[in-house]
């Protein structure tokens, strides 16, 4: 049974060839990629290594979590090749390659060759090498297969759950790829086993170009990711008579995905052992702007001290592919790609109505099961530092309290106040006084208890929150400041040492020193999401700039706003001393009220 296809770079998805194969050093020109045929053409002695992120097989995990037996590889070749089968693994922190088999094959026309992997132990990943023994030899791809008893296979039907808000280009591209590869392709092993449910929070997505057989689109209130994903789960549950999904795949709308990720997920679940019947399959997040860099592969919450596993690994390196094979403590997988069994999902067990930020981790913690991640199961997503929004400060702190109230009853007032003080201190240094008001509002809204979530219209609240924060606008609309590219670039390398650094600390980042003079529209220019305290030292006015959107907002040092922020911090500290513990216990006790289908149907105004 086929368990994994061999891939080559593909326009519109990923063209980073080192994620697919590696060339022999100093002989890169011996092999060329034929885009039209999805093939590699070799000159004599040209060599390619397939010990890569997409084309290595995570053999250790396949043997641990599934019932497969012997593994083979099928290659489509034309010409004369030397084929080498390898087992690649890490031993004492170094890459070790064991040659399992090597043989010469020759075919005048495109032919299929089968090579068995003769393994006595299973570590790391399986891979192979190709060396052309003549000119004009061509590799056309192939796949791994494995032996498994028919009665050991599980029934698997996956319902993709997408929440979208005005992201038509991303959604249409992904749906087109899924239609072509799976939904409208009778040759696919997943044909008839995949359905897509889209909750359109913006009510702007039409059936034209997106809808069709296997695609279910519903208009939804703009109640954030939590409301959109929950609506999708309700639709999946209510349509079980039509498509009896065994798994729900939570998937963001602003990603790029390869259909092969779906196939590998499907086969892993289909072959899984009974003891792992409730396991989740997670997908890693890769950067859209730097496709080989992995942002996260599973995570743990730690009461708000988030740990992103395998963060910032360059997956073009074989060593990092092997590091990825090592399993770490994982509590949940974010909903850019998380496949969950329907046995965990019901109308008595739905997400919290917290709009955005924290809904996926709370639901993951609540339904904690084994999360399995494989190389090649991933999505490409915009990096978080390119998605800064002022209003998020409200949701981040408020939802941290909701999540910890339910899952970390030992979370202490002192830990919360430390988090609050450091966050407020940062915003004061950055002159982002509106953000401080958002933080305070988030805390006070949490202290209102479960009734606040029950009786608050999430859409109206979100509009209010967005008005309270800083609104980024195109920089040409900011009349008070002038954007200078060199100044923006300089902010990333700005530094100080010795007595200057000491002076900056003892004066609270220059708060007690006079601001530097600024001529006309000149000012400091910093990244919205990646700025540092030194960037604001003795600055009067600062342009907070987002390079991805070309937008920004201006913040200015203001002593009155600073004093108001300090008074607000004192007040919220007193309130917290008397309210924190009681509010945490009360919310933990009553939170199930907003996890029920009855609440959600009223909240989403279904049937009205």
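Listed highest first by mean packing, meaning other Cβ atoms within 10 Å per residue, what order do 11-23, 371-383, 310-322 come in?
In descending order of packing, they fall as 371-383, 310-322, 11-23.
For segment 136-256, divide the Cα radius of gyration by the Kirkwood radius and give the resulting Rg/Rh value with two decimals.
Radius of gyration over Kirkwood radius for segment 136-256 works out to 1.05.
Between helix 392-407 and the chain, what is the angle of the helix's C-alpha long axis to the longest principal axis, kept within 0 to 90° and rounded to the nearest 10?
70
Quick one: work out Rg over Rh on the C-alpha atoms of segment 94-178, Rh as Kirkwood radius.
1.10
To the nearest 10 degrees, how steeply does helix 168-178 sit against the main Cα axis of the chain, on a 0 to 90 scale?
Between the helix axis and the principal axis of the chain, the angle is about 20 degrees.
Going by Cα centres, segment 482-506 and segment 352-379 are how many Å apart?
38
For segment 21-135, what is the convex hull volume of the alpha-carbon atoms per residue, in Å³?
Hull volume over Cα atoms, normalised by residue count, gives 120 Å³.
Show me, bin by bin at 5 Å from 0, the whole-percent P(r) of segment 334-374 based on Cα pairs.
Per 5 Å bin, starting at 0, the Cα pair percentages come out as 5, 19, 34, 27, 12, 3, 0.
Can you give the translational diffusion coefficient of the chain in µm²/s, computed by Stokes-Einstein from the Kirkwood radius over Cα pairs at 10 °C and 1.306 mPa s?
Here the translational diffusion coefficient equals 59 µm²/s.
Listed highest first by mean packing, meaning other Cβ atoms within 10 Å per residue, what order do 74-86, 408-420 come in?
So the order, starting with the most tightly packed, is 74-86, 408-420.
Ratio to report: Rg/Rh of segment 468-528, with Cα atoms as the point set and Rh obtained by the Kirkwood method; give two decimals.
1.03
Show me, bin by bin at 10 Å from 0, the whole-percent P(r) of segment 404-559 based on Cα pairs.
Calculated over all Cα pairs of segment 404-559, the distribution is 9, 32, 31, 19, 8, 0 percent.
Among 530, 584, which comes first, second and so on when ranked by fewest other beta-carbon atoms within 10 Å?
530, 584
As a test of the formula, what do you get for the chain when each DSSP H run with n ≥ 4 contributes -39,500 (n - 2.57) and the sum is divided by the residue count, at 222 nm and rounded to the nearest 500 deg cm²/dmol?
-9500 deg cm²/dmol
No lab work stands behind these numbers, since they all come straight from the coordinates. Keep in mind it's a predicted model, so treat the numbers as computed, not measured. Cβ atoms come from the backbone with ideal geometry, glycine included; neighbour counts cover every protein chain shown.
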